[in-house]
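Just so it is clear, none of the values below were taken in a lab; they were calculated from the coordinates. Keep in mind it's a predicted model, so treat the numbers as computed, not measured. FYI the Cβ positions are ideal-geometry reconstructions off the backbone, even for glycines, and counts take in every protein chain you see.
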């Protein structure tokens with residue numbers, strides 16, 4: 001648990017440091033995520049990744065990702081501070097979120113379907 | 001009148017410290033989860049949405065300023081950082097899926113992410129929205145922690161972006177599967193990946209019940225779209241002055 005948390009926070013710190021040093025346009029946690037993904041991919045390239053360390057990391061990461069919704073609540077509540085804006089611009093907000101979500105969803109699925117899903121994968125085969 | 005005065009005497013010191021707000025946030029989220037479970041897991045009663053409404057309503061009813069609430073709740077907010085880094089775990093685990101269908105995944109990601117970003121900005125402008133709202137809309141299809149920090153960076157309103165990301169996810173979760181089936185797209189890879197790219201965590205949780213393959217492609221879509229959006233959004237704000 002502690003080691004897993006230390007890995008996540010350590011990579012976040014590393015990401016923030018790199019962002020500041022290199023003036024990257026990416027948020028620090030995103031830089032940290034990319035670094036950690038690269039390290040995990042490199043480590044599992046040679047051998048299957050089942051060490052004690054990766055087990056600890058998996059547990060903390062799984063816990064955080066499972067309850068990620070809770071972590072959005074404090075920022076989302078900030079909407080109460082934006083009520084005048086919501087009242088004033090509800091139409092562009094609603095139209096924008098509805099339209100762009102559906103367009104993005106259909107585009108993504110249609111392109112993936114037409115480029116590489118000509119041969120559907122059976123579910124049994126996928127597991 | 002005794003209970004009123006007791007509540008008033010307790011409220012002021014408790015409202016000033018983090019504990020009350022952490023309990024309120026956790027309680028509202030737990031309440032949202034229970035409500036969703038009781039209503040058969042319907043995506044309409046998203047626990048994040050329910051918790052936002054409950055806590056927001058409490059703030060409005062008591063007149064407690066958002067800044068006071070956030071001073072307490074930022075301990076929860078802080079965990080968004082490590083949670084974003086944690087996305088590396090499913091990303092690394094599903095890397096072999098990317099290698100196997102590299103062309104399709106890359107093309108779908110690029111097309112879907114760009115369409116959702118640009119159409120969001122264009123729709124807001126076309127419907128008479130301000131620049132601040134358009135900039136808050138731009139990063140909303142990225143997973144919420146990434147979307148929020150991007151919004152902050154380009155001059156949007158992070159709270160608005162967070163709410164839009166969640167609401168977009170709820171929309172994708174409610175209509176996504178039916179819409180794609182109507183278009184005769186049945187492959188679980190396409191369903192999962194589209195949910196991850198366009199609807200982030202909320203829609204991904206919904207589509208994960210289809211199959212393990214859909215869940216893996218949803219996780220992949222979240223992680224890859226987070227990265228691509230993080231690269232595209234600063235570009236949009238640079239080009240659009």
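Overview of results
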read-out: Complete set of residues in segment B:208-229 that are over 27 Å from residue A:31 (Cα atoms) and either buried (at least 24 other Cβ atoms within 10 Å of the Cβ) or more than 9 Å from every other protein chain (Cβ to nearest Cβ) (or both); value: B:209
read-out: Residue B:179 vs. criteria over 23 Å from residue A:80 (Cβ atoms) and either in contact (Cβ under 8 Å) with a residue 24 or more places away in the chain or facing chain A (nearest Cβ under 8 Å) (or both); value: yes
read-out: Test for residue A:37: is it assigned to a helix (DSSP H, G or I) and facing another protein chain (nearest Cβ under 7 Å); value: yes
read-out: Single unsatisfied condition, residue B:191 versus (1) surrounded by 23 or more Cβ atoms within 10 Å (Cβ to Cβ); (2) facing chain A (nearest Cβ under 9 Å); (3) under 14 Å from the mean Cα position of the chain (by Cα); value: (3)
read-out: Residue pairs meeting the criteria (Cβ under 7 Å; at least 6 apart or on separate chains; first more than 9 Å from chain A (Cβ to nearest Cβ), in segment B:76-102; second assigned to a helix (DSSP H, G or I)); value: B:94/B:216; B:94/B:219; B:94/B:220; B:97/B:216; B:97/B:217; B:97/B:220; B:98/B:105; B:98/B:220
read-out: Residue B:204 vs. criteria in a helix (DSSP H, G or I), without any contact (Cβ under 8 Å) to a residue 40 or more places away in the chain, more than 20 Å from residue A:27 (Cα to Cα) and under 14 Å from the mean Cα position of the chain (by Cα); value: yes
read-out: Residues satisfying the stated conditions in segment A:12-30, i.e. at the interface with chain B (Cβ under 9 Å from one of its Cβ atoms) and either buried (at least 22 other Cβ atoms within 10 Å of the Cβ) or in a helix (DSSP H, G or I) (or both); value: A:12, A:15, A:16, A:26, A:27, A:28, A:29, A:30
read-out: Which listed residue, of B:105, B:133, is more than 23 Å from residue A:73 (Cβ to Cβ) and buried (at least 21 other Cβ atoms within 10 Å of the Cβ); value: B:105
read-out: Some residue of segment B:29-50 being outside any loop (DSSP other than H, G, I, E, B), surrounded by fewer than 23 Cβ atoms within 10 Å (Cβ to Cβ), at the interface with chain A (Cβ under 8 Å from one of its Cβ atoms) and more than 21 Å from the chain's Cα centre (by Cα); value: no
read-out: Residue that is nearest to residue A:91 (Cα to Cα), among those in segment B:114-125 that are surrounded by 19 or more Cβ atoms within 10 Å (Cβ to Cβ) and more than 7 Å from every other protein chain (Cβ to nearest Cβ); value: B:121
